[in-house]
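Take a look at the structure set out below.
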Amino acid sequence: MNAKKIIALIMALAMLTFVFCGCAKKDNAPVSSSDLAEQTPPAEEQTPDEGEPADTSVSVIDMLGREVTLDEPASRIVALTAADCEIIYALGAGDLLVGRGAYCDYPPEVLELPSVESGYDTNIEQIIDLEPQVLFMSTMAQSEEQSKQLEDAGVHVVMNDAQNIEGVYSSIGMIGQLLGKQAEADALIADMKAKFDDLKNKADGEGKTVYFEVSPLQYGLWTAGTDTFMNEIADMLGLVNIFADVTGWGEVSEEQVIDRNPDYIVTISMYFGEGPTPIEEIMSRPGWENVTAVKNGAILNLQNDELSRPSPRLAEGAQMLYDFINEAK
Amino acid sequence: MSMLEVKDLSVSYGDLHILRDVSFSVEPGQWLMIIGPNGAGKTTILNSISRGVPYTGTIVYQGRDIRRWKPRELALNIGLLSQNNSMGYAFTVEEIVRLGRYAHSASVLSGDKDGREEAIDRAIALTGLEGLRNQSSLTLSGGELQRTFLAQLFAQDPRLLMLDEPTNHLDLVYQKQVFNLIREWLTENGRAVVSVVHDLSLARAYGTHALLLSKGRTVAEGPVSEVTAPKLLNEVYSMDVYSWMREMYSQWTDEDSST
Amino acid sequence: MAQIPHKRKEGLYVLEYLAFLAVTPAVFFLCVCVGSVKVPLGDTVRLILDAIRGSDISGIKFASIIVSVRIPRVLSAALVGASLSLCGAGMQGLLKNPLADGSTLGVSSAASLGAVIAIAFGITVPFLPFAGTMIMAILFAFLGLLIILSLAYKLDSSLSTNTIILIGVIFSMFVSSITSLVITFASDKIKHITFWTMGSLQGNNYTHVLILCGALVIFGGVILLHARELNAFAVGEDNARNIGVNVRRVRLTILICVSALIGVCVSIGGTIAFVGLVTPHMTRIIVGPNHKKLLPVSVFAGAIFLMLSDLAARILLNPLELPIGVVTSMIGSVVFIYIFITGRRKGK
C-alpha cells in the first residue's frame with residue numbers, strides 16, 4: 001500500500017536524522033570538548049627523550065599513552081582540533097597541513113585548507129582521502145575502532161588533549177617532534193613560559209574577583225570554573241574566580257553573579273555587528289547596575305578563544321587580561 | 001417547494017464511486033427510509049447532507065443550497081445521529097447532551113436565555129437517561145451511548161432528523177420506544193425524518209417513504225409500500241426477501257404453539 | 001450507581017476559582033522568596049512592598065536580585081507554564097488526543113527551528129529587538145502544525161491517535177535534525193543548543209513578561225472562549241459538525257492561537273517539554289474533560305507547575321542551574337505516573 005510505503009520511508013529517514021541530530025547536538029553543546037576535565041587522563045609530563053640525529057625516525061607517546069613512531073618527520077598532516085592547528089602554524093609548519101577539522105579557525109589561512117568533520121561526527125573516509133601521515137585529534141570523541149580503521153589505512157593517529165598550561169607545553173613539544181620542528185617548539189614553549197613568568201611576577205590582582213562569562217544571559221549564563229584555562233590564568237594573575245566552586249563549565253544562576261559581585265567580568269561572546277555589543281549588553285542588564293564590574297565598566301570581551309583553547313595564544317590572552325586589569329585599576 | 005431536495009448527488013473517493021446521481025426529495029411530515037444492501041451508499045447520503053463528505057450535485061434545504069447555510073443555522077434545522085460515536089474523554093452524559101444546545105446560544109458567555117436547561121432535561125428524560133446523567137460516557141454500554149447521542153439530537157431540536165441506524169445497539173424495548181418516540185415527534189408541523197435502517201420490517205412499519213439503493217445508484221424511490229415491493233427487494237438483495245421473513249416469523253409462531 | 005440529582009453549573013465554582021486564585025500567588029510568593037541566593041524573608045517582603053509603593057529601593061542590598069532578576073523570572077515561568085499548558089489542553093481537545101502537545105507534535109521543535117534560522121541568518125525587525133526570532137518562531141510553529149495535520153489527514157483521515165502522534169514524533173525528529181544542521185553551519189552565532197533543546201528562563205526581564213502576558217491574554221483568551229467548541233471536538237469532529245460548530249474555522253483559529261503562543265514561549269524560554277502534556281492531563285483527571293473547567297484550571301496548574309519546576313532548577317544544584325526542561329520532564333513524569341495510578345485505582 002502507498003501509505004505503508006510512505007510510513008516506512010519516513011521511519012527510515014527519521015532514524016537517520018535521529019542519529020544525525022543526536023550527534024550534532026552533543027558536538028555543539030556549550031561545553032567545549034577540550035574543557036571536559038573528567039574525560040581525559042592526566043596530561044603526561046612526557047618530553048621526548050629520543051632524537052638521535054643519525055636516525056631520522058621520531059617517536060612520541062601521545063596523551064593516551066600510546067607510542068607513535070614515524071620513520072621520518074611527518075610532511076602530510078591533518079589536525080582536527082583548533083588548538084592543534086594553531087600550534088602547527090605557530091611552529092611554522094602550516095604548509096604541512098593537508099586538512100583541518102571543521103571548527104579550526106585560526107590563523108585565518110587555515111580556513112583555506114580542506115575541512116573534515118570532527119568531534120562526534122568525525123568522518124574517517126574524508127580523512128583517509130586526504131592521505132595524511134599523521135592525524136592529530138582530541139581524545140574526546142574517538143573510539144578505539146575509529147583510530148584502528150585509520151591506522152589500518154596507514155594514518156598515524158596522535159591523541160592530543162591538553163587540560164592545563166603544562167599540558168599545552170607537552171603538546172607543543174610532541175607536535176614539534178613529530179614534525180621535525182623541535183627547535184621551534186622549544187623556542188615557542190620558552191617564549192610562552194617567559195611571557196607567563198613575566199606576567200606572574202608583575203601581576204598583582206590583589207585578590208580581586210573575576211567572573212568569566214561563556215554564554216550570554218539570553219540563553220542561560222555559562223561560566224568557567226576550576227580546571228579551566230581561564231581559571232588557571234586568573235590564578236596566575238592573582239585574581240579570584242567567583243565560581244571557583246564550579247568544576248569545568250556550567251550554567252550558573254544570575255542571582256549568584258549579582259550576589260558574588262565580581263570586580264571584573266570577562267565575556268567570550270562573539271559580536272556580529274548588529275544590536276548591542278556583548279559589553280553593552282552586560283552593562284544594560286537589569287539588576288546588574290550595582291555589580292562592581294558593571295559600575296566601573298570593567299568588562300573585557302575576548303572574542304577569539306584566547307582563553308578557552310589550549311593553544312600558544314593563551315599567553316596573549318593572559319596578557320590581554322593583565323592589560324585590562326591594569327587599565328581598569 | 002420541498003423541505004429537502006437532493007439532485008444528482010455523487011460522491012467518490014478517487015476512482016471509487018460511492019454514490020452516482022442520486023436524487024430524491026423530502027416533504028414535511030415524511031419519514032424517508034433509506035434502505036439497501038451493505039455498501040449501497042446509504043450512510044454517505046446522510047454524511048453529504050451534513051457536509052461531512054465532499055460531493056457533487058446539489059442539496060437544497062428550504063430553498064437554499066446547504067453549502068450556503070452557516071453551520072450553526074444548519075444545525076438548528078438538520079441534525080444527524082451518526083452510527084459510530086466512540087468516546088475518547090470521560091465526558092458525562094449530561095455534558096454530551098448539553099452540546100446539542102450549541103447552535104442555540106451564541107457564545108460561551110451567554111446564559112440560559114432559551115430554555116437550555118429544560119431542553120436538556122426533557123431530552124434526557126425522553127431517552128430514559130435520568131439515572132445516568134452524571135455518569136462518564138466511557139463506562140456506558142453501546143446502547144446507552146447511542147441513547148446519549150439521541151438525547152443530544154433531541155436537545156439540538158432540529159426540524160429534519162437524520163438517523164443512521166438509530167437503534168443499532170438497542171434492545172427491543174428501546175428499539176420500540178425510540179421508533180415510537182420519533183413517530184410522535186414527527187407529528188408536529190414542519191418536521192421530517194430521514195433514516196438509514198437495515199431492518200426492512202422496521203422500514204415498512206414506520207416509514208412513509210423509502211429510497212432503495214444498490215451500488216450507489218437509486219433503484220426505487222417513493223411511498224414505502226411501493227419501494228419495498230417483493231420484486232424490487234428480491235432483485236437488489238439477490239434473495240427471496242419475503243419468504244425469508246415469513247420463515248423467520250413462522251418459527252416464532254411454531255415455538256409459541258409448542259409451549 | 002447512586003445518583004445525586006444536582007444541577008452542576010458548567011463553569012468553575014466560585015470556590016474553586018478562589019482556591020486556585022489563592023494557591024497561585026502563594027506559589028509565586030514562595031518562588032520569589034526562595035532562590036539560589038538566600039535573602040531574608042523580611043527583606044523580601046519589604047522590598048516587594050516598597051517596589052509596589054514605588055519608593056526608591058536602588059540602595060537596598062538585595063533589591064536588584066529580588067526585583068530585577070527573581071520576580072521577572074518567576075513571572076515568566078508562570079506565564080510560559082500557563083501558556084504551554086493551555087496550548088496542550090487546547091490541542092488535546094481539538095484533536096481528541098490526550099497525547100497531543102507542542103512537544104509531541106513537533107510544534108515546539110518547529111518554533112525552535114524558526115528562531116534558530118532567524119538568528120543564523122540575521123533576520124531582524126528594525127527597532128524591535130525580539131521580533132525577528134519571535135515572528136519566525138510563530139510562523140514555523142504554524143507551518144509545522146499545518147504540515148503535521150495535512151500529512152496525518154493524508155495518511156489517515158480519521159486522525160487516529162496513533163497516526164498523528166507517530167507523524168508528530170517523526171516530524172519532531174526531522175525538524176530537530178534541520179535545527180542541528182543550521183546550528184552546525186552557523187556555529188559561531190548559535191552555540192546555545194541546550195537552550196533550544198532544554199529551555200532556560202534565565203535573564204527574562206519585564207519586557208519579556210509583558211510580551212508573554214500580552215500573548216496569553218490575546219491568544220489564550222481566544223482559546224478560552226472556544227471552550228464549547230473544544231468540548232465538541234473532544235467528543236468527536238463529526239459530532240462537532242453535526243451540532244453546528246464551524247469545524248474549519250474553529251480548527252484554524254485554535255491552531256493559529258496555539259502556534260502563536262508556543263512561538264512566543266519558545267523564542268523567550270526555549271523548548272520546555274512536558275508542561276503542555278502533563279498539566280492538562282493531570283487537570284483533566286481532577287476536574288474532568290469539560291473544557292469550560294479544564295482550560296482555566298490548566299492555566300493555573302501550568303503556571304504553578306512551571307514556577308515550581310523553575311524553582312527546582314534554580315536551587316537544586318546551587319550555584320549551578322539545571323536546564324528547566326530536565327526538571328519539567330523529571331517532575332512531570334513522576335507526578336504523571338502517580339496521578340495516573342491513583343486515578344485508575346479510584347476507578348473513576
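The values are calculated or read from the model by the stated rules, or taken from the named source; none is laboratory data. Predicted model, so just to flag it, every value in this text is computed and none were measured. Because the Cβ atoms are built from the backbone with ideal geometry, glycine has one as well, and the counts that use them run over all protein chains shown.
A few comments on the model shown:
- Leading residue by the ranking (nearest to C:Phe305 (Cα to Cα)) among those in the range C:15-47 that are polar (S, T, N, Q) and part of a helix (DSSP H, G or I): C:Thr24
- Tally of residues being surrounded by fewer than 24 Cβ atoms within 10 Å (Cβ to Cβ) and β-branched (Val, Ile, Thr) across the range C:92-118: 2
- Scanning the range A:293-315 for residues that are away from chain C (no Cβ under 11 Å), free of Cβ contacts under 8 Å to residues at least 60 places away in the same chain and either assigned to a helix (DSSP H, G or I) or of a type in the set (Asp, Glu) (or both) yields A:Lys295, A:Glu306.
- Tabulated pairs, the range C:199-228, first over 21 Å from C:Asp310 (Cα atoms) and in a helix (DSSP H, G or I), second among the small types (Gly, Ala, Ser) and modelled with pLDDT under 90, C-beta under 8 angstrom, 6+ apart or interchain: C:Leu225/B:Ser107
- Unmet requirement for A:Glu254, which otherwise passes all of (1) surrounded by 19 or more Cβ atoms within 10 Å (Cβ to Cβ); (2) more than 21 Å from the chain's Cα centre (by Cα); (3) over 19 Å from C:Phe195 (Cα atoms): (3)
- Qualifying residue in the range C:4-16 (condition: closer than 21 Å to C:Leu311 by Cα and either away from chain A (no Cβ under 14 Å) or at pLDDT below 85 (or both)): no
- Looking across the range C:260-276, the residues that are over 18 Å from A:Gly220 (Cβ atoms) and either of a type in the set (Lys, Arg) or assigned to a helix (DSSP H, G or I) (or both) come down to C:Ala260, C:Leu261, C:Ile262, C:Gly263, C:Val264, C:Gly276.
- Candidate set: the range B:63-77, residues that are touching a residue at least 24 places away in the same chain (Cβ under 8 Å) and either over 16 Å from C:Ala232 (Cβ atoms) or more than 9 Å from chain C (Cβ to nearest Cβ) (or both); chosen: the one surrounded by the fewest Cβ atoms within 10 Å (Cβ to Cβ): B:Gly63
- Every condition in (1) under 13 Å from the mean Cα position of the chain (by Cα); (2) without any contact (Cβ under 8 Å) to a residue 40 or more places away in the chain holds for B:Ala205 except the one numbered (1).
- Considering the range A:182-275, the qualifying strands (runs of 3 or more DSSP E), each wholly inside and each with 2 or more residues that are within 14 Å of another protein chain (Cβ to nearest Cβ), run over A:209-215, A:222-224, A:249-251.
- Tally, over the range C:24-43, of residues that are of a type in the set (Ser, Thr, Tyr) and closer than 14 Å to C:Leu306 by Cβ: 1
- Checked against the criterion of being closer than 24 Å to B:Leu74 by Cβ, touching a Ser or Thr at 6+ places or on another chain (Cβ under 8 Å) and surrounded by fewer than 20 Cβ atoms within 10 Å (Cβ to Cβ), the candidates B:Arg191, B:Arg116 yield just one match: B:Arg116.
- Taking the range C:241-278 as the range and being at the interface with another protein chain (Cβ under 8 Å from one of its Cβ atoms) and under 30 Å from B:Leu76 (Cα atoms) as the test, the residues that pass are C:Arg241, C:Asn242, C:Ile243, C:Gly244, C:Val245, C:Asn246, C:Val247.
- When C:Thr133, C:Thr124, C:Thr104 are screened for being in contact with a Ser or Thr (Cβ under 9 Å, 6 or more places away or on another chain), among the polar types (S, T, N, Q) and without any contact (Cβ under 8 Å) to a residue 60 or more places away in the chain, only C:Thr124 passes.
- Filtered by the rule that a residue be of a type in the set (Phe, Trp, Tyr) and surrounded by 22 or more Cβ atoms within 10 Å (Cβ to Cβ), the range A:170-218 gives A:Tyr211, A:Phe212.
- The number of residues in the range B:207-243 being modelled with pLDDT of 90 or more and of a type in the set (Asp, Glu) comes to 2.
- Selection status of C:Ala51, at pLDDT below 90, part of a loop (DSSP other than H, G, I, E, B), of a type outside the set (D, E, K, R) and touching a helix residue (DSSP H, G or I) at 6+ places or on another chain (Cβ under 8 Å): no
- In the range B:15-35, the residues that are buried (at least 24 other Cβ atoms within 10 Å of the Cβ) and either small (Gly, Ala, Ser) or more than 19 Å from B:Tyr206 (Cβ to Cβ) (or both): B:Leu19, B:Val22
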